[in-house]
Every structure is written in structure tokens, then in C-alpha cells.
There are 2 protein chains.
Amino acid sequence: MKEGPDIAQIGSLIGDPARANILTALMGGRALTATELAAAAGVTLQTASAHLAKLEAGGLLAQRKQGRHRYFTLADDRVGKLLEGIMGFAASRGHLRHRPGPKEPALRKARICYDHLAGDYGVRMLDSLVEAGAISVMGEGLNLTAQGEKHLGSIGIDVSGLRSSRRPLCRSCLDWSERRAHLAGSLGKALLSNFFDKGWARRTENSRSIFFTPEGERRFLALFPIEIGDGKPEPELSEKP
Amino acid sequence: MKEGPDIAQIGSLIGDPARANILTALMGGRALTATELAAAAGVTLQTASAHLAKLEAGGLLAQRKQGRHRYFTLADDRVGKLLEGIMGFAASRGHLRHRPGPKEPALRKARICYDHLAGDYGVRMLDSLVEAGAISVMGEGLNLTAQGEKHLGSIGIDVSGLRSSRRPLCRSCLDWSERRAHLAGSLGKALLSNFFDKGWARRTENSRSIFFTPEGERRFLALFPIEIGDGKPEPELSEKP
DNA sequence: GAGATGCTTCGGTTACGATCGAAGTATGAA
DNA sequence: TTCATACTTCGATCGTAACCGAAGCATCTC
């Protein structure tokens, strides 16, 4: 009837609550089994199986068979970006499934956004890197400076190795909780991995929130000293431009 | 059950074919009446009315009463950006509602993307501006150079007036047909308006395609001489990064 | 006022898809 | 081989929402 890409198909894929739960759970970035996803979605295994088949047919999910387990992940980081975009939009409209439970504060503080750090700490990290002159902001783009490359090298990040990937090194990702930018791209991923490797932080079970050890938190805050609210006076996002 | 923004709600809003048609029609940027949208969606007026009410309640649409007509538009350009993002994703997955009709070529050549120029001509325009040094590319961000400001001023674009808007001046927008960037933001809008004002081009009825007059086409191609395929050797987007 | 147009609301039908129980297949463990 | 676990397929049920006809408001024209 009409020309153009079929947005209704992926809309309806995301539109089912059970499937939305599955996708949200996979935004945590790690591969999950069908059983785990069924629990996350709040449906039985059979139902989840049907949903997973549809999501995979729709190109949103990829699966990897391993023994008698079947691990699912988001198909690629474009899916993660798409979902984060929708989440940001939904949050800005106030379409929050508001259950201000005890987990909320932890999520706002530090959580994983597909594969990089988001939340308060994510924003703080980017702001600090910009303030320190490690990253320069060009409109909506981010660039790692030579000084930044040296600085990150001293922390233990091999930037030249990251450059060889096809994935952009720096990308800014708008946070639905903070509505401010944090660092995505291969560098964002590398930094978060680095924190995990050093034992500063670890993932929490069945949640997207990230737990910092006391020592790790101290180190992180010292390394990225710019408080949220300092730095650039980024304008509030207005509802009606 | 879960934390975070409710992506299922807007997913299901977009997921219905009739509503998707309505939204796609409104991507044309102009305000349309309920009757027109009903025709575009292929449903009766009553059904369309119900859909429009839902879309408005969901914050995707805004309406403006004018006499006995009710004009609908996308709520703001964030909605347009969201939809274009989904379209781009859908196109990359091959979820095309493939009806390679006669209108397709016109759409690929030049069409409106919410309020700016997209398609072949949109890509050509941006490429040419970059090649001419009017716009510099920084990662994913675009910046208008001083030289570019002067250049555009000579065409009849008042850049300083655009700067006063809260909307970003330059933004790159990824095209679902070309899979290459074209110019969005207030500057993109101003350029397209400029072409309309000069009579180089006009919108076509009930379509997102843009019709160039022979004279206008000549002028446009002379002003933006870089062919698609020239310029920067932007790598193909790969499916699996 | 009367009539026409644009749109909404109401009521009833229908169809699709989400759901789960039960049975079937595959892989691993004992 | 036997049993257990992980998952899929089948079949049937059920609820919801999309849909349209008809009637009801609202606004404009005459």
C-alpha cells in the first residue's frame, strides 16, 4: 500500500510486553538462555520460545547454541542503539513503568547500556574526560585527543587496538535517566571492561545495574572527578523545541 | 515487574499497520487532517479517529484545531528522529514492504525527511558542502565553518538567525534508502525551504517525494556538484560489525 | 434556521495473537 | 540405557483490539 521500510513489523515486535521485557533484559549485554529470558519476561518457557523465534526472525536477536543451552543476545549494537533510542524517547514522554522500587537508585547511579557504562557514573566519566581535555566535543560527535590517548594508555586502555575495529571509537549515547550524554563506542566498552578487570566493579545478577566496590568507587571518583552539574552547562532538553 | 522506560507502549503504538501508515504519512512534515490520514492508512474515518486519539495520548502526535478541520502533525522533531531511526533499522534488515512501484525512484531521488531533504539529492548536497569546506565532519557530528556561513549567506540563508533556535544547526541523519548521511537540523530545514521559496522544487501531493523543476534541478546540481560515489569513501554499513 | 462537512462516540462483530498444557526432540549426566 | 534438563512444536483457549455501521456533536455555508 505504501512505500518505504516496514516500521510496523519491528514496532509490533517491540510492542508486546513480554518481548519488550526480553529485549530490555538483553540490553544488559550478556547472553541469556531461553529459560532465563522466560523468567525475565514473566511467561512460561513455551511462550518465551515462541517470542524468541519471532524476535530472531525479525533480526533483533542472535542465538548461539552451546550444549543443551541456547544463548540469546541482541543481534548487534545497532539493535542496542535502536532500543536505547526508544527508551530515551519513552522516558522523555514520561512513559515510565513507574515502580520506584529499591532497585531504581542503583540503576540511576550506574548501569550497563548494552556494553558500556551509563547512569550518573557514565555521565560523570564523560564529563570528566571532556574537562580533562581527553575528549573533544564537536556538535554531536566525540573525538579522542592525542593527550587523551596517552592518558587512557596510562590507565591500561590500548587505544590503537580499538581503532582497528570497524566500530566507532567514541560515540555519545543519550541517557534516559540522566538525559545527558555518556560515552559509547568501542572506547566506552573498553573502559567498562577495564573497570571489571581491575575489580573496581562487577555486574549484578539479573539486573542492568553495576555494583562498585568501596575501593573501586573511590578510585573511579578520583579518576573522574567532575561532579554531575559541573562542567558544561548543557541545556535541558525541552519537550517542545 | 521491571524497571525502566516502557518501550512496549510506544512499540505497540508504532506496531499497528494503520498507525504506522499514519506516522509515515506525517513524516512528510506537513499537517494532515483526520480524513486524509484515514485515506493514507487505508481505514475508515472512525477507525482512524481512534488511532489518532491513541497516538496523541501516547505523545507521538500533536493536533491543531482549525475551523472544522483537525490537523495532525508529529509532536516534535524528536518523534521524527525516532521514526527515521526505526526506518533506517528496518531498511537495513531488509524489512521492506517491497512494492517496487513507479513512485519508488522518485522517493530515492529526493524526498522529505520530516522537514529536510533526503534521498540521492540530500546525500549529494551534504557531500558537496563538505567537499567545498562549508561543513566539517567530526566523527558523527557536523560543524558549519566560517567559510560555509558566508557561502550559505550568499545563497540566501540567514545562519545567525538559525543559531538563535534551540535546535541544533547541523545534524547528520542516516538515510534508509542511501544508507549515507544527509543534512538535518535547522540548517537542513532552512536549505529545503530556500529551494521551495526559489521555486526550484515543490512537494508532491500525498507523497514524501520532492519534485524539482528542470531549471531548479539544473541550479541545484550546479550548486552541489559532487556526485554520489565521489567524495569521502564512506565504508558500507556492515550487517554484523 | 436547514443542510453539508468533518470528526467523535457507541455497540457489536471479528480476527489475530498471546498464552499455556501436553507431547515431542535434543543434549548431557548417571 | 535410563533419566534429567533444555527447549520446541502442537493444539486449544481466551482476551484484546482493530474494525465498521450507525448515530451523535461541532462547525461552516447558505
Q: Output the residues belonging to region B:53-74 that are in contact with a helix residue (DSSP H, G or I) (Cβ under 7 Å, 6 or more places away or on another chain) and within 11 Å of DNA strand D (Cβ to nearest atom).
A: B:Lys54, B:Leu55, B:Arg70
Q | Residue satisfying condition, being away from DNA strand D (no atom under 11 Å from the Cβ) and over 29 Å from B:Met87 (Cβ atoms), within set A:Ala91, A:Ala106, A:Ala39 | A | A:Ala106
Q) What pairs come up if the first residue lies in region A:50-79 and is more than 22 Å from A:Gly188 (Cα to Cα) and in a helix (DSSP H, G or I), the second is within 13 Å of DNA strand C (Cβ to nearest atom) and among the charged types (D, E, K, R), and their beta carbons are under 8 Å apart, counting only those six or more places apart or on different chains? A) A:His51/A:Asp16; A:His51/A:Arg19; A:Lys54/A:Arg19; A:Leu55/A:Arg19
Q. Mind checking whether some residue in region A:45-53 is in the same structural domain as A:Ala18 (by TED's automatic domain parsing), modelled with pLDDT of 85 or more, of a type outside the set (Gly, Ala, Ser) and under 19 Å from the mean Cα position of the chain (by Cα)?
A. no
(Q) Name the single residue that is nearest to DNA strand C (Cβ to nearest atom) among those in region B:40-49 being assigned to a helix (DSSP H, G or I) and either in contact (Cβ under 8 Å) with a residue 12 or more places away in the chain or in contact with a Lys or Arg (Cβ under 8 Å, 6 or more places away or on another chain) (or both). (A) B:Ser49
Q.
Restricting to region B:5-38, name every residue that is assigned to a helix (DSSP H, G or I), within 11 Å of chain A (Cβ to nearest Cβ) and hydrophobic (A, V, I, L, M, F, W, C).
A. B:Ile7, B:Ala8, B:Ile10, B:Leu13, B:Ile14, B:Ala18, B:Ala20, B:Ile22, B:Leu23, B:Ala25
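The values are calculated or read from the model by the stated rules, or taken from the named source; none is laboratory data. Values in this document were obtained by computation on a predicted structure and should not be read as measured data. Cβ atoms come from the backbone with ideal geometry, glycine included; neighbour counts cover every protein chain shown.
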